Amino acid sequence: MPANRLLVLLGVLSVSCSAPSALTEVVTAALNDPLPSWHEGAAKTALIDFVTRTTMAGASDFVPPSERTAVFDNDGTLWAEQPLYAQFAFALDRIKALAPQHPEWKTMQPFAAVIDGDLNAVLANGEAGLMRILAASHTGVTTDEFDAIVTQWFTSARHPGTGRRYDEMIYQPMLEVLRYLRANGYKTFIVSGGGVEFIRPWAERVYGIPPEQVVGSRVKVRYELRNDTPVLLRLPEFDLNGDKAGKPVGILQVIGRRPTIAFGNSDDDFEMLEWTTSARGPRLGVIVHHTDAAREWAYDRDSHVGRLARVLDEGPKRGWLIADIKRDWRVVYPTRH
């Protein structure tokens, strides 16, 4: 068995939650197909063709293993982002949990709207209100304390539409892409507008991506001693806004090389896709297009979350591949326990 197929098979076995009969079908498919949850078609063919061309020794498009880098947006690309970003849902829950310590919030916006569960009023406070919510819910604690808070939240929080845990709202076809790329020598990174310390506590368990391979928005931290114990305190100031044009900046600062492959799903990913695919040599940009209202959501140009307009218009002209969920994915979410 070729080494890359063996690694893909091991990856399937390590994460499968299927019943024995279903597992047999998945394993059989994986032996012959590295992307069994993808329908046969142009998108799947293009993905496999690109990986083959860039990993075959002697091929004109061969990319040395040290340069094989693939970056993935998280919200809407690796997991669901509707009806609200998971990190925003976390922030709202965190404000409610902290409210007893802040009686002044009962008459102070946007906190009063959060406590009352009035999402429309929360959103009416605009970006400034959102920043106040994020500052109050994400800072003033140490990095270790925040890690524990995030980890605990994921054990209890549920998606409002499906009832699944948020870390179950991940896309099975994208898990297969991650494993397939790693089996062929690609190093996989998350590059998100979300906070790195919100994603790092669970990314390795869920995606197989270790904390040091998560790039995103960062708050400033300060080193200090507490009872002679060194801690890092999260401050209410941005160190990097890792969205939009901040994505290439974060990639350069953390990864230090231009990616070979970039996956995104919204206009917030435009600069990352543009910066990746404008370099010399073989490059691939992939757009996940949400078109399946029955199994997930259908949205693009008019969406309040994950708006996709510029990328949809310009991507095909730039040679970016569009992965249409309704057309290209056999399944959306992994099988539950």
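At SER60 and LEU119, where each label point lies 7 Å from the Cα along Cα→Cβ, what is the point-to-point distance in nanometres?
5.1 nm
Once you list every other residue whose beta carbon is under 11 Å from the beta carbon of LEU232, what net charge do they have if Lys and Arg are +1 and Asp and Glu are -1?
So the environment of LEU232 carries a net charge of -1.
As an exercise, find the ratio Rg/Rh for the range 86-156 from alpha-carbon atoms, using the Kirkwood inverse-distance average for Rh. Walk me through the intermediate numbers first.
On the way: Rg = 11.9 Å, Rh = 12.4 Å.
Ratio of gyration radius to Kirkwood radius for the range 86-156: 0.96.
In deg cm²/dmol and to the nearest 500, what is the mean residue ellipticity at 222 nm of the chain if only DSSP H runs of at least 4 residues count, each as -39500 (n - 2.57), divided by the residue total? It would help to have the intermediate numbers written out before the result.
Details: 14 runs with 142 residues, N = 337.
Mean residue ellipticity, 222 nm, calculated: -12500 deg cm²/dmol.
Summing Lys, Arg as +1 and Asp, Glu as -1, what charge do residues with Cβ under 15 Å from the Cβ of ARG257 carry, ARG257 excluded?
Working: positive: ARG68, LYS187, LYS247, ARG258, ARG280, ARG283; negative: GLU67, GLU212.
Net charge around ARG257: +4.
How much net charge surrounds VAL114 when only other residues with a Cβ under 12 Å from its Cβ are counted (Lys, Arg +1; Asp, Glu -1)? Walk me through the numbers on the way to the answer.
Values: positive: ARG94, LYS96, LYS106, ARG132; negative: ASP93, ASP116, ASP118.
Its environment carries a net charge of +1.
Rounding to the nearest 10 and keeping the result within 0 to 90°, find how far the Cα-based axis of helix 172-183 lies from the longest principal axis of the chain.
With both axes taken from Cα atoms, the answer is about 60 degrees.
Report the relative contact order of the range 86-156, percent, no decimals, based on alpha-carbon pairs under 8 angstrom and at least 6 residues apart. Intermediate results must be reported in sequence, preceding the final value.
On the way: 44 pairs, mean separation 21.0, N = 71.
The value is 30 percent.
How far, in degrees from 0 to 90, does helix 86-98 lean away from the longest principal axis of the Cα atoms of the chain, to the nearest 10?
20 degrees
How far is it, in nm, from the label point at THR52 to the one at VAL331 when both lie 7 Å from their Cα along the line to the Cβ?
It is 2.5 nm.
Out of [x] 5, 24, 34, 23, 11, 3, 0; [y] 5, 20, 27, 21, 14, 8, 4, 0, 0; [z] 6, 27, 37, 24, 6, 0, which label holds the value of P(r) over Cα pairs in 10 Å bins from 0, in percent that was computed here?
Only one option fits the structure, namely [x].
Can you work out the Karplus-derived ³J(HN,Hα) for every residue in the range 262-268? Use 6.51 cos²θ - 1.76 cosθ + 1.60 with θ = phi - 60°, whole Hz, and x for glycine or proline.
Those phi angles translate into 9, 10, x, 9, 8, 5, 5 Hz.
Do you know the relative contact order of the chain, to the nearest whole percent, from alpha carbon pairs under 8 angstrom that are 6+ apart?
Working: 547 pairs, mean separation 73.1, N = 337.
Contact order relative to length: 22 percent.
Of LYS187/LYS247; LYS44/LYS244; LYS44/LYS326, which pairs sit farther than 19 Å apart, going by alpha carbon to alpha carbon?
Beyond 19 Å: LYS44/LYS244.
Describe numerically, in nm with one decimal, the distance between label points set 7 Å from Cα along Cα→Cβ at LEU130 and at GLU314.
Taking the two extended label points, one gets 2.0 nm.
Between ASP144 and LYS244, take the C-beta separation as r, use R0 = 35 Å, and let me know the FRET efficiency to the nearest 0.05.
Values: r = 30 Å, r/R0 = 0.86.
According to the calculation, E is roughly 0.70.
Throughout, read-outs are computed from the coordinates displayed, never taken from laboratory work. Everything quoted here is computed from the prediction, not taken from an experiment. Ideal geometry is used to build each Cβ from the backbone, glycine not excepted, and the neighbour counts take in all protein chains shown.
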